[in-house]
Amino acid sequence: MKAQLWRPSAARIAGSNMTQFAAHLQAQHGLTFDDYQALQRWSVDQPEVFWQAVWDFCDILASQTSPQILVDADKFPGARWFPKARLNFAENLLRERSDKIALVSRLENGQRRELSYAELYRQVSQLAAALRGMGIVRGDRVAGFMPNISETVVAMLATASIGAVWSSCSPDFGINGVMDRFGQIKPKLLFACDGYFYGGKSLDSLPRVAQIRAQIDSIEQLIIVPLNKTGAATPIDGALTWDEVLAGHPANEITFEQLPFDHPLYIMYSSGTTGVPKCIVHSAGGSLIQHLKEHRLHCDLKPDDVLFYYSTCCWMMWNWLISGLASGATLVLYDGSPFYPQPQSLIDMAEQENISIFGCGAKYLEALHKADVKPRQSHQLKSLKALLSTGSPLSDESFRYVYRDIKDDICLSSISGGTDILSCFVLGNPCLPVYEGEIQCIGLGMAVEIWNDQGEAVVGEKGEMVCRRPFPSAPIGFWNDPDNTKYRAAYFGNYPNIWCHGDYGEINQRGGIIIHGRSDAVLNPGGVRIGTAEIYRQVEKIDEVIDSVCIGQQHCGDVRVVLFVLLREGLQLDDALQQRIRHTIRSETTPRHVPAKIIAVSDIPRTISGKIVELAVRDVVHGKTVKNVDALANPEALKLFENLPELAS
């Protein structure tokens, strides 16, 4: 039985947006629900009433509403939401126009800037006018090779106000990684910074910016944001600076193009570790209504909140974070290493900025724990009410660490979804208790189930996570996939009309969810399916191990479990440590989970967004070529797994 770590107070429940939404449903529709699970079931069974209620409760701005909510509900993909509505995404994020702070932008080098909602509107107005003057129209692609700073937000909002489509990569991408993404979508205009800061270093982006412009012939204009003041590279011929562009256009009322609900807003990218990245197109209306639902109901985001998520502009959590403007909150942007100059640097920032909702990757919390950072002993964190974690499953040990060493009265919400849906399938709830190792609930309006090998919904058993009904933030499709062939193959190939997400997990009787890993990385020793996260949860308990990656190796007609570990500096993987790792895994799982081989390595390969690349490691171990190493933050680490003598027998 999982231990309960936190329960919200009666006052917190009563004051939550979730409770106010339930009151809205009672007032408008005479509906009452005994508990969250009953509300969630209703939201799935009555999607049209539910999503219209979200629209009304969140007061979405639109020049034209839609009497029809859902058309072709039996087609997935193919269902259409709010087909008659006309709205603009940027207008909904810029409805607040006061002197209240909208954005706090912080850099690793200590630079801090504020931008009010009024100033944000003014800059978007100027830039939108400039983009129109450059010939940008609805449907054009505008790309950002940008760090996480306020100018990136302004550029995205100006793009969206016109109805053009935004796509971004962070400046730590190599040239091939950028070309694999922007080269497919043919942007008409590129925003780029001259450099960025990371790990105490000032890094020059201009050589890669020049290459991008030279290699993508669709780019008609380049706008440079000067950030790296010490960069020695010469300016690029024909490029305009940010200040030049804004100075040429006075601030006026923005003309927000009124567009269909399913008009393209973003082009996102799959990780690309198994081939050229998929270009996933997301709609303005679907992104807006889903993010409003998640922010206000599941995160309890209110106008007086300060929202932060550690992310670069290549990860979907950046897009998710920026939608917080639609709730009138203050957003904190940070660009740089989360551990520079000290492991507790982001915790220092959380206290300085009075952050109330703090988001990060699960590996960040694990690293804080391993670094013995104990904010409860050094920080007040009086404003902090919620901590969000995603990117990989959060271990039981990390759950306990948060409540023991960060703050005991906090809603710790492990959330899971992805770039594919630009949102979450399963996430937090301010009105529910938190149990160690569990995601609190299935999202409202999301028909999520766990299916066994027979395609049957199961509770208390492991299986494939599926979504059996359409939802507004499902992609419009993939770029350059006119008949949806690639789109259908990616999510609907296993079960017709059913979204198969590729996660291996389980749902328990109380509605909590445990993610055991990606389905394509599931281990299968002796025919028994094991999620890699089941092993990582145990390895995290070993203080000597900083990081690890687990794969299944084909061996003697079966699959054997191989665990690679990154140890603390100066330590050796001796027999005693191997035995303790094996004992820890076996005592909490089964003999099948125990690795046949444990091997120490000096680095663990990850994507630029921080995710472990189990499939790439598995391919290298089996002598296969990894197709796209430019998606990795540290591609050189893959060489550590080549031709290992320990795996030859």
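The values are calculated or read from the model by the stated rules, or taken from the named source; none is laboratory data. Computed from a predicted structure; not experimentally measured. Don't worry about glycine lacking a Cβ; one is built from the backbone with ideal geometry, like all the others, and counts go over all protein chains shown. Protein only, heavy atoms only, side chains kept; ligands, DNA and RNA dropped before computing areas. Shrake-Rupley method; radii C 1.70, N 1.55, O 1.52, S 1.80 Å.
Conditions first: (1) open to solvent by 10 Å² or more (accessible area, probe 1.4 Å); (2) part of a helix (DSSP H, G or I); (3) out of contact with any Phe, Trp or Tyr (no Cβ under 9 Å at 6 or more places or on another chain). Tyr403 passes all but one, so which condition is the exception?
So Tyr403 meets the others, but not (3).
Kindly provide the set of residues from segment 520-536 that are over 16 Å from Asp503 (Cα atoms) and at pLDDT 90 or above, ordered by number.
Once the filter is applied, which keeps residues that are over 16 Å from Asp503 (Cα atoms) and at pLDDT 90 or above, segment 520-536 yields nothing.
Across segment 630-649, what is the number of residues that are open to solvent by less than 60 Å² (accessible area, probe 1.4 Å) and in a loop (DSSP other than H, G, I, E, B)?
Residues in segment 630-649 being open to solvent by less than 60 Å² (accessible area, probe 1.4 Å) and in a loop (DSSP other than H, G, I, E, B): 2 in total.
In this structure, is Val124 part of a strand (DSSP E or B), crowded, with 24+ Cβ neighbours inside 10 Å, more than 19 Å from the chain's Cα centre (by Cα) and touching a residue at least 12 places away in the same chain (Cβ under 8 Å)?
So Val124 does not fit the description; no.
For segment 557-605, what are the residues that are closer than 30 Å to Phe145 by Cβ and without any contact (Cβ under 8 Å) to a residue 40 or more places away in the chain?
Scanning segment 557-605 gives a single hit, Asp603.
Filtering segment 540-552 down to residues that are closer than 22 Å to His369 by Cβ and part of a strand (DSSP E or B), which residue is farthest from the chain's Cα centre (by Cα)?
Step one: of segment 540-552, the residues closer than 22 Å to His369 by Cβ are 540-550.
In the following step, the residues that additionally are part of a strand (DSSP E or B) were identified as 545-550.
Details: Val545: 26, Ile546: 23, Asp547: 21, Ser548: 21, Val549: 21, Cys550: 23 Å.
Taking the candidates together, the pick is Val545.
So for segment 508-516 (the condition being under 25 Å from Gln290 (Cα atoms), small (Gly, Ala, Ser) and part of a loop (DSSP other than H, G, I, E, B)), does at least one residue qualify?
yes
Restricted to segment 279-300, and to residues that are more than 28 Å from Phe358 (Cβ to Cβ) and buried (at least 24 other Cβ atoms within 10 Å of the Cβ), which residue is nearest to the chain's Cα centre (by Cα)?
Ser283
Which one is surrounded by the fewest Cβ atoms within 10 Å (Cβ to Cβ) among residues in segment 435-464 that are assigned to a strand (DSSP E or B) and in contact with a Ser or Thr (Cβ under 8 Å, 6 or more places away or on another chain)?
Ranking the candidates gives Glu464 first.
Any idea which of Ser345, Ser398, Ser389, Ser378 is over 22 Å from the mean Cα position of the chain (by Cα) and more than 30 Å from Gln46 (Cβ to Cβ)?
Every option except Ser378 fails the conditions.
Could you tell me how many of the residues in segment 92-117 are open to solvent by 50 Å² or more (accessible area, probe 1.4 Å) and farther than 16 Å from Val154 by Cα?
Count: 6.
What are the residue pairs meeting all of these: first residue in segment 501-528, first residue in contact (Cβ under 8 Å) with a residue 24 or more places away in the chain and buried (at least 20 other Cβ atoms within 10 Å of the Cβ), second residue among the hydrophobic types (A, V, I, L, M, F, W, C) and assigned to a loop (DSSP other than H, G, I, E, B), Cβ atoms under 6 Å, and 6 or more apart or on different chains?
Partner pairs satisfying both residue conditions: Tyr504/Val522; Ile507/Val459.
Please specify each residue of segment 607-629 satisfying the condition of being of a type in the set (D, E, K, R), open to solvent by 40 Å² or more (accessible area, probe 1.4 Å) and touching a residue at least 60 places away in the same chain (Cβ under 8 Å).
Hits for segment 607-629 are Lys611, Arg618, Lys627.
Picking from Phe182, Phe256, which residue would you name as being part of a loop (DSSP other than H, G, I, E, B), at pLDDT 95 or above and touching a Ser or Thr at 6+ places or on another chain (Cβ under 9 Å)? Full working, then the answer.
Values: Phe182 fails: part of a loop (DSSP other than H, G, I, E, B).
Exactly one of Phe182, Phe256 is part of a loop (DSSP other than H, G, I, E, B), at pLDDT 95 or above and touching a Ser or Thr at 6+ places or on another chain (Cβ under 9 Å), namely Phe256.
Please count how many residues of segment 529-549 are under 16 Å from Leu571 (Cβ atoms), hydrophobic (A, V, I, L, M, F, W, C) and open to solvent by less than 40 Å² (accessible area, probe 1.4 Å).
3
Tell me yes or no: at least one residue of segment 191-208 is within 30 Å of Pro338 (Cα to Cα), without any contact (Cβ under 8 Å) to a residue 40 or more places away in the chain, out of contact with any helix residue (DSSP H, G or I) (no Cβ under 6 Å at 6 or more places or on another chain) and not in a strand (DSSP E or B).
Yes, segment 191-208 contains at least one residue that is within 30 Å of Pro338 (Cα to Cα), without any contact (Cβ under 8 Å) to a residue 40 or more places away in the chain, out of contact with any helix residue (DSSP H, G or I) (no Cβ under 6 Å at 6 or more places or on another chain) and not in a strand (DSSP E or B).
Take the residues in segment 553-574 that are of a type in the set (Asp, Glu) and assigned to a loop (DSSP other than H, G, I, E, B), then tell me which one is least open to solvent (accessible area, probe 1.4 Å).
Restricting to residues being of a type in the set (Asp, Glu) and assigned to a loop (DSSP other than H, G, I, E, B), the top hit is Asp574.
Scanning for something within 27 Å of Leu632 (Cβ to Cβ), open to solvent by less than 10 Å² (accessible area, probe 1.4 Å) and in a loop (DSSP other than H, G, I, E, B), does segment 139-147 turn up at least one residue?
First, pick out the residues of segment 139-147 that are within 27 Å of Leu632 (Cβ to Cβ): 141-147.
Of the ones still in play, those that are also open to solvent by less than 10 Å² (accessible area, probe 1.4 Å) are 142-147.
Filter once more, keeping what is in a loop (DSSP other than H, G, I, E, B): 146-147.
Yes, the conditions are met somewhere in segment 139-147.
Here are the criteria: (1) within 18 Å of Ser168 (Cβ to Cβ); (2) of a type outside the set (A, V, I, L, M, F, W, C); (3) not in a strand (DSSP E or B). Tell me which single one Asp262 does not satisfy.
The number of the failed condition is (1).
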